[in-house]
Amino acid sequence: MNNRNKQAVAGLVEEWRAGGIVNGDVVLLHSSTNRLLRRMLRNGVRLTANNVLASFQQAVGERGTLVLPL
């Protein structure tokens, strides 16, 4: 991941935390990433779904749990 993407992922972590996610949370994530990825692309950053997943993993931290239904 390049430096610009790392900064974008860090920005997403800040957004998730501003939305109420804290270290140690259990988060059920059931969402499409299309809208978010398009928004980032308009800002000149090409992220992948894996980058978005990494941002949620960082937001919940090592003690948190991220639940992704199939």
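The values are calculated or read from the model by the stated rules, or taken from the named source; none is laboratory data. Bear in mind the structure is a predicted one, so any value in this text is a computation, not a measurement. We place every Cβ from the backbone using ideal geometry, glycine too, and count neighbours over all the protein chains shown. Quick note on the areas: whole protein, heavy atoms, side chains included, nothing else; ligands and nucleic acids left out. Shrake-Rupley method; radii C 1.70, N 1.55, O 1.52, S 1.80 Å.
How many residues are open to solvent by less than 50 Å² (accessible area, probe 1.4 Å), among the hydrophobic types (A, V, I, L, M, F, W, C) and farther than 15 Å from residue 11 by Cα when one looks only at segment 27-43?
The initial filter retains those residues of segment 27-43 that are open to solvent by less than 50 Å² (accessible area, probe 1.4 Å), namely 27, 29, 33, 36-37, 40.
Filter once more, so that each one left must be among the hydrophobic types (A, V, I, L, M, F, W, C): 27, 29, 36-37, 40.
Subsequent filtering for residues that are farther than 15 Å from residue 11 by Cα retains 27, 29.
Summing the residues that are open to solvent by less than 50 Å² (accessible area, probe 1.4 Å), among the hydrophobic types (A, V, I, L, M, F, W, C) and farther than 15 Å from residue 11 by Cα in segment 27-43 gives 2.
Scanning segment 44-56 for residues that are touching a helix residue (DSSP H, G or I) at 6+ places or on another chain (Cβ under 9 Å) and surrounded by 11 or more Cβ atoms within 10 Å (Cβ to Cβ) yields 45, 46, 47, 48, 49, 51, 52, 54, 55, 56.
Enumerate the helices (runs of 4 or more DSSP H) found wholly within the chain, keeping only those where 1 or more residues are in contact (Cβ under 8 Å) with a residue 24 or more places away in the chain and β-branched (Val, Ile, Thr).
Of the helices (runs of 4 or more DSSP H) lying wholly inside the chain, those with at least 1 residues that are in contact (Cβ under 8 Å) with a residue 24 or more places away in the chain and β-branched (Val, Ile, Thr) span 3-18, 49-60.
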